[in-house]
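Notes follow the structure.
The values are calculated or read from the model by the stated rules, or taken from the named source; none is laboratory data. All of these numbers come straight from a predicted model, not from anything done at the bench. Cβ atoms come from the backbone with ideal geometry, glycine included; neighbour counts cover every protein chain shown.
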Amino acid sequence: MLPGVFTLAKIRRFVKICQKRRKFVYGILNSPGTPSRKYLELLVLTHRPHSISCKFALRRVRTELQALMFTAQFTPITFQRTGTKTKRHHSFRIQALDAAQPFDDESKLRTTLEQQKALTIGVIGFGNFGQFLTKRFVQRGHSVIATSRGNYSEKASDMGVKFFQDADDFCEEHPDVVIVCTSILSTESTLRNFPLQRLKRNTLFCDVLSVKQFPKQLFTQLLPDNFDILCLHPMFGPDSGKDSWKNLPLVFDKVRIGQDSLRAERCANFLEIFESEGCRMVEMSCEEHDRQAASSQFITHTVGRMLGTMELAETTISTKGFESLRSLVDNTYNDSFELYYGLFMYNKNATTELSRLEFAFAKVKSELFDRLHERIRNDVFDE
Ligand code: NAP
């Protein structure tokens, strides 16, 4: 048995590489499990399988896949040859042969593996961003429960999520991971009133706040010592990460992860969700995050808000630069003002960056006016 579950995109990439290297590709696609997940199992033989043993061919495939950094599992079922003998190079044709049945051995094994890795993730704050993350968690096969100030029962049930208006009920479900997705401003009061004592004693507690030093400090103060703490900041949102998370940065700081291997594994399992979605994983201290985010994210939001306030309209002669300014407005102006205020209030580096921006604007403006004044004076005094 070889490792794997492949997305269609990965399969296509693999096949393209095989074709480029002029290898014959023989394959079986087996579309198992929940159709909505669009996963396919793939069995591919490269080179000339009639001239080498099946075992050898499979070993080659494994090496190829490992080289391509695939780590999944797949199972040989049967082989289909594609193309004709007379052609010099056979064309590749994917054939879906047999949908995996739940009673197949490989399906059972896969289910067991998935169940072992599946986490129960508890989302606190089921607003815009909480729902955005939840969709991916569910797609990845994790079970999600949620709680929020408002009532999101219907929305949650549409997403296959159990919603608890009552925080006690939520905690008594004993999620493996709790992820705080509340607004920056409300996080402290939410946490102070949260029945943390009802959670499992070794819960992994995370947050996705756009500032990092503040939740780190809050968590270490308020959470019991036996909770693990992982601070995250997905540097993207429902607009920029709508279609794919590929190459989008995920900043994380393992603030406190217990020594035992199960805790480390759980943390790795959780981070793997983002990794598998293609995020660029950036391990960074919360303090460094805030330093860098003040001069990048906060400034981006400030400029976006300023331009949004100006209500820039589309023109018939818009340049590319102007179009990027408008898209900056779209990317920032839709976020709640509360979020923006949180970026300012809870990042101690933000004030300095705001002053620098103000200073830069004043400097540019004074350069313009100085030049203008000089010309006028020259005219006045006939110089
Ligand atoms: P948000 O306005 O920052 O937060 C909305 C969430 O906060 C909702 O779940 C809301 O609960 C909860 N909330 C607000 N006031 C509350 C209060 N007084 N008491 C209890 N809960 C309260 O918008 P968001 O975009 O969903 O962001 C959520 C978090 O994700 C923020 O910390 C933000 O920094 C972070 N984040 C956002 C993005 C993004 O692009 N949007 C990206 C990365 C990280 P109810 O809906 O139940 O009222």
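Couple of notes before you dig in:
- Residue pairs meeting the criteria (Cβ under 6 Å; at least 6 apart or on separate chains; first within 18 Å of V211 (Cα to Cα), in region 171-183; second within 16 Å of the ligand (Cβ to nearest atom) and assigned to a loop (DSSP other than H, G, I, E, B)): C181/G125; C181/V208; T182/G125
- Criterion applied to L325, L357 was being away from the ligand (no atom under 16 Å from the Cβ) and in contact with a Ser or Thr (Cβ under 9 Å, 6 or more places away or on another chain), and the one residue passing it is L357.
- Some residue of region 128-144 being within 12 Å of the ligand (Cβ to nearest atom) and surrounded by fewer than 18 Cβ atoms within 10 Å (Cβ to Cβ): yes
- Of everything listed in (1) in a helix (DSSP H, G or I); (2) closer than 21 Å to Q213 by Cβ, the single unmet condition for V364 is (2).
- Of all residues in region 126-151, those that are in contact (Cβ under 8 Å) with a residue 40 or more places away in the chain have Cβ atoms under 7 Å from Cβ atoms of residues that are part of a helix (DSSP H, G or I) and crowded, with 18+ Cβ neighbours inside 10 Å, 6 or more apart or on another chain, in F126/A156; R136/I273; F137/I273; R140/I273.
- Single residue of E314, E383, E353 found to be touching a residue at least 12 places away in the same chain (Cβ under 8 Å), among the acidic types (D, E) and over 19 Å from S295 (Cβ atoms): E314
- Residues of region 177-215 that turn out to be more than 12 Å from the ligand (Cβ to nearest atom), buried (at least 23 other Cβ atoms within 10 Å of the Cβ) and of a type outside the set (A, V, I, L, M), as a count: 1
- Among the numbered conditions (1) more than 16 Å from the ligand (Cβ to nearest atom); (2) part of a helix (DSSP H, G or I); (3) surrounded by 13 or more Cβ atoms within 10 Å (Cβ to Cβ), the only one that H373 does not meet is (3).
- Enumeration of residues in region 270-328 that are hydrophobic (A, V, I, L, M, F, W, C), in contact with an Asp or Glu (Cβ under 7 Å, 6 or more places away or on another chain) and closer than 28 Å to L354 by Cβ: M284, C286, A294, F298, I299
- The numbered conditions (1) modelled with pLDDT of 95 or more; (2) within 12 Å of the ligand (Cβ to nearest atom); (3) out of contact with any Asp or Glu (no Cβ under 9 Å at 6 or more places or on another chain) are all true for D225 except (2).
- From S240, S296, S276, S261, residue being within 21 Å of the chain's Cα centre (by Cα), under 28 Å from H174 (Cβ atoms) and not hydrophobic (A, V, I, L, M, F, W, C): S276
- Region 333-354: number of residues that are among the polar types (S, T, N, Q), within 22 Å of Q213 (Cα to Cα) and within 12 Å of the ligand (Cβ to nearest atom): 2
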